[in-house]
Amino acid sequence: MTKPGTPDLFAEDPLAREAADLRRLLADYSYRYYVLDAPVVPDAEYDRLFHRLKALEDAHPELVTPDSPTQRVGEKPAAGFAEVKHAVPMLSLDNVFSDEDAREFDRRVRERLGGAHLDAPVVYNCEPKLDGIALSVLYENGLFVRAATRGDGYTGEDITANVRTIPSVPLRLRGEGWPARLEVRGEVLMPRDGFAALNARAEQAGEKTFVNPRNAAAGSLRQLDPRITAARPLVLYAYGVGAVEGGALPGSHHAILMQLREWGFKVNEHVTLANGVDAALDYFHRLEQLRPSLPYEIDGIVYKVDELALQERLGFVSRAPRWAVAHKFPAQEEVTELLDVEFQVGRTGAITPVARLKPVFVGGVTVSNATLHNMDEVARMDLRIGDTVIVYRAGDVIPKVVGVVADRRPPHARHVHLPTHCPVCGSDVVKPEGEAIARCTGGLYCPAQRKESIRHFASRLAMNIEGLGEKIIDQLVEQDLVHSVADLYALTVPQLAALERMGEKSAQNLVNAIAGSKATTLQRFLYALGIREVGEATALALARHFGSLPPLLEAGEEQLMAVPDVGPVVAAAIAQFFREEHNRAVVQALIAAGLHWPEHEPAAHATQALPLAGQTFVLTGTLESMDRNVAKGHLQALGAKVSGSVSAKTHVVVAGAEAGSKLAKAEELGVPVWDEAQFLALLREHGITPESGP
């Protein structure tokens with residue numbers, strides 16, 4: 001010990017300073033994890049720091065101190081629960097992170113055993129390393145009497161009342177032959193489905209959500225009210241035994257697990273025996289592939305020498321058995337630096353912040369980009385450029401930033417701001433109040449939204465351009481033939497015939513379909529523009545209210561809210577769309593290309609109701625003069641309701657060629673039936689002169 005006033009001999013030793021810093025950091029992280037249930041770094045970061053400290057101490061034994069985390073298992077139990085002394089310590093396992101490390105573990109095992117084992121394979125019990133909370137459950141004469149947490153390995157917390165509520169914990173052992181006193185050890189976890197449901201309920205109630213299933217399981221076990229624990233979807237998997245008195249158990253670890261299963265414990269279904277390290281590694285890689293589909297989280301595989309007599313010969317080091325090791329999967333969480341935040345524009349105009357990261361190996365791949373979801377999430381995490389962040393990736397899941405290590409924030413860290421203009425097209429970016437997603441308003445113009453806007457424009461309920469499918473749209477955009485929906489009307493047969501899987505006849509048919517779509521209705525045209533919040537019903541209401549396009553283009557939000565069923569949110573979206581000059585330019589280009597529709601007296605100024613108001617029409621069969629959806633739009637523009645079924649309340653059935661059951665139903669009910677000529681006469685009577693459709 002250094003005397004008062006005497007310089008610290010390690011003060012200028014960089015290795016000693018590093019070891020002291022590691023001890024302090026690990027102690028803090030351990031306290032936050034075990035005592036406060038509030039981890040601030042992922043397990044992989046703790047493991048890395050722990051192994052660095054252990055390597056320093058192994059190379060320089062003089063650096064070992066009594067308070068080093070390498071000299072003990074964990075932390076003291078949290079206050080609020082009685083203490084339980086473990087009769088047999090619940091020690092932790094050493095970790096390996098590669099096949100080579102696992103082979104080295106096997107080599108050490110065989111060398112320590114010596115004799116015939118030097119060249120013969122050792123049989124290992126292999127089981128998934130469940131990502132949960134270790135427990136000790138005590139039985140006396142077959143009855144459950146106590147449960148305790150692992151704690152620091154020697155002293156845990158008495159959580160008997162909580163564990164009693166877990167359905168997979170037997171209150172009385174099944175069968176017979178169990179020892180008079182039996183301590184079973186296992187892992188309590190929360191399945192993925194249960195975790196998702198728990199967080200969904202918490203979000204709905206406005207409560208704090210859990211970070212991951214392990215954190216949720218820990219929080220559930222440490223509730224002072226067992227009724228809360230009982231409501232949580234917890235499961236116990238037995239993985240071994242501790243103290244055993246008044247009876248005997250089988251002579252191998254695997255046989256003990258099978259015996260525990262017979263006595264009523266849940267034992268993991270993937271537990272197996274492997275004859276030698278090669279078989280154990282094959283098992284590791286099989287489970288690694290299976291991992292994403294498992295109903296619970298695992299973070300590696302545990303290899304245990306199966307024969308108990310061999311375990312006894314191998315013994316223990318200070319904190320872990322020599323006969324077992326945990327082979328960890330590539331970390332699903334890592335820490336790295338946030339270099340910048342950029343913004344991407346999705347197919348529907350959603351503006352998404354994307355993290356540009358200092359490359360980090362996580363989830364089996366090197367990650368340099370990760371999603372940040374939206375600006376609300378950025379604000380929730382108080383994320384700043386320059387921060388040290390936690391990145392999560394599992395299987396094929398898109399990497400995402402899930403947290404910030406706030407105590408590592410540098411002085412130069414910068415706030416993240418949502419751009420005011422689209423990074424792709426320069427249009428205004430809007431974020432409606434109460435919504436999480438910000439959007440580009442240049443829907444008809446923005447290159448990032450081009451494919452989606454064309455697909456919607458050509459869809460059946462919009463312009464109904466038959467033959468303009470997704471693969472054709474992809475080619476038109478990727479070959480730079482179409483920059484906006486207005487360019488569709490300038491396409492030629494030779495241009496289309498040159499596309500993949502398009503011959504001369506198909507190209508001509510598509511050109512005809514595009515030309516035929518020019519004769520439409522104002523309702524369908526407005527719906528085709530893809531204005532956010534404007535569906536079929538709203539497009540119809542707008543068409544009826546304004547009667548023609550020019551007054552709608554100039555309408556302010558107050559005027560728009562005078563339209564039936566148009567509230568502040570919808571009015572703001574419409575006004576913003578038509579304020580954007582890029583969108584107005586595309587609309588004018590469409591009109592210049594020949595798109596047209598019948599106009600009528602605006603409902604806002606009409607002195608009488610629409611001529612077909614209150615009447616119900618049904619369309620059936622094939623009309624020669626127009627598509628049925630165009631006919632539907634004409635009827636709706638005149639105030640009629642267009643139904644899909646015939647009833648006694650139907651006013652008129654319009655029957656085209658090959659009309660079927662609806663015509664028969666109308667005749668049965670005595671509903672008036674019109675042919676196409678009568679229908680066209682009605683339209684002309686009200687100023688609508690249909691042209692041939694597709």
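The values are calculated or read from the model by the stated rules, or taken from the named source; none is laboratory data. These numbers were taken from a predicted model, which means no experiment stands behind them. With ideal geometry, Cβ positions are generated from the backbone for all residues, glycine too; neighbour counts draw on all protein chains shown. Accessible surface is based on the protein model in full, side chains and every heavy atom, while ligands, DNA and RNA are left aside. Shrake-Rupley method; radii C 1.70, N 1.55, O 1.52, S 1.80 Å.
Some observations on this one:
- Qualifying residue in segment 307-316 (condition: within 23 Å of Gly242 (Cβ to Cβ), modelled with pLDDT under 90 and open to solvent by less than 30 Å² (accessible area, probe 1.4 Å)): no
- In segment 366-394, of all residues being closer than 28 Å to Glu452 by Cβ and open to solvent by less than 40 Å² (accessible area, probe 1.4 Å), the one that is modelled with the lowest pLDDT corresponds to Arg393.
- Scope segment 481-509; condition open to solvent by 30 Å² or more (accessible area, probe 1.4 Å), farther than 16 Å from Arg455 by Cα and outside any helix (DSSP H, G or I); matching residues: Thr492, Ala498, Glu500, Arg501, Gly503
- Boolean, Gly363 is at pLDDT below 90, closer than 30 Å to Glu297 by Cα and open to solvent by less than 30 Å² (accessible area, probe 1.4 Å): yes
- Residue in segment 228-247 that is open to solvent by 20 Å² or more (accessible area, probe 1.4 Å), free of Cβ contacts under 8 Å to residues at least 12 places away in the same chain, charged (D, E, K, R) and more than 23 Å from Leu260 (Cβ to Cβ) present: no
- Meets criteria (modelled with pLDDT under 85, of a type in the set (Val, Ile, Thr), within 42 Å of the chain's Cα centre (by Cα) and closer than 30 Å to Met381 by Cβ) for Val73: no
- For beta carbons closer than 9 Å, sequence separation of 6+ or different chains, a first residue in segment 197-210 that is under 14 Å from Arg380 (Cβ atoms) and a second that is surrounded by 10 or more Cβ atoms within 10 Å (Cβ to Cβ) and aliphatic (A, V, I, L, M), the qualifying pairs are Lys208/Ala202; Thr209/Leu198; Thr209/Ala200; Thr209/Ala202; Thr209/Ala216.
- Scanning segment 518-531 for residues that are more than 40 Å from the chain's Cα centre (by Cα) and open to solvent by less than 10 Å² (accessible area, probe 1.4 Å) turns up Thr520, Thr521.
- Residue among Cys422, Cys440, Cys446 that alone is over 18 Å from Val341 (Cα atoms) and of a type outside the set (D, E, K, R): Cys446
- Tally of residues being within 28 Å of Ala637 (Cβ to Cβ) and of a type in the set (A, V, I, L, M, F, W, C) across segment 491-531: 12
- Qualifying residue in segment 134-141 (condition: free of Cβ contacts under 8 Å to residues at least 60 places away in the same chain and assigned to a loop (DSSP other than H, G, I, E, B)): yes
- Here Glu601, Glu624, Glu668 are screened, and the one residue that is out of contact with any Ser or Thr (no Cβ under 8 Å at 6 or more places or on another chain), at pLDDT 90 or above, of a type in the set (Asp, Glu) and open to solvent by 30 Å² or more (accessible area, probe 1.4 Å) is Glu668.
- Only a single item in (1) touching a Pro at 6+ places or on another chain (Cβ under 8 Å); (2) open to solvent by 60 Å² or more (accessible area, probe 1.4 Å) is not met by Asn464, and it is number (2).
- Pairs with Cβ under 7 Å, 6+ apart, first in segment 99-112 and over 17 Å from Asp282 (Cα atoms), second surrounded by fewer than 15 Cβ atoms within 10 Å (Cβ to Cβ) and of a type outside the set (Lys, Arg): Arg110/Leu118; Glu111/Leu118
- Test: Asp299 is closer than 24 Å to Arg108 by Cβ, assigned to a strand (DSSP E or B) and either touching a Gly at 6+ places or on another chain (Cβ under 7 Å) or open to solvent by 10 Å² or more (accessible area, probe 1.4 Å) (or both): yes
- Conditions (1) open to solvent by 10 Å² or more (accessible area, probe 1.4 Å); (2) over 42 Å from the mean Cα position of the chain (by Cα); (3) touching a residue at least 40 places away in the same chain (Cβ under 8 Å): number failed by Gly547: (1)
- Some residue of segment 668-677 being within 28 Å of Ala513 (Cα to Cα), in a helix (DSSP H, G or I) and without any contact (Cβ under 8 Å) to a residue 12 or more places away in the chain: yes
- Residues in segment 29-46 that are of a type in the set (Asp, Glu) and modelled with pLDDT of 85 or more: 1 in all.
- For segment 184-199, filtered to residues that are farther than 26 Å from Ala87 by Cα and open to solvent by less than 50 Å² (accessible area, probe 1.4 Å), the residue that is modelled with the lowest pLDDT is Asn199.
- Scanning segment 361-419 for residues that are among the polar types (S, T, N, Q) and touching a residue at least 24 places away in the same chain (Cβ under 8 Å), we see that the one that is farthest from Ala44 (Cα to Cα) is Asn374.
- Considering residues of segment 154-173 that are under 36 Å from the mean Cα position of the chain (by Cα) and assigned to a loop (DSSP other than H, G, I, E, B) only, the residue surrounded by the fewest Cβ atoms within 10 Å (Cβ to Cβ): Pro167
- Evaluation of Gly639 against the conditions (1) outside any loop (DSSP other than H, G, I, E, B); (2) open to solvent by less than 30 Å² (accessible area, probe 1.4 Å) shows that the sole unmet condition is (1).
- Residues in segment 329-360 that are open to solvent by less than 40 Å² (accessible area, probe 1.4 Å) and in a loop (DSSP other than H, G, I, E, B) were compared, and the one that is modelled with the lowest pLDDT is Ala331.
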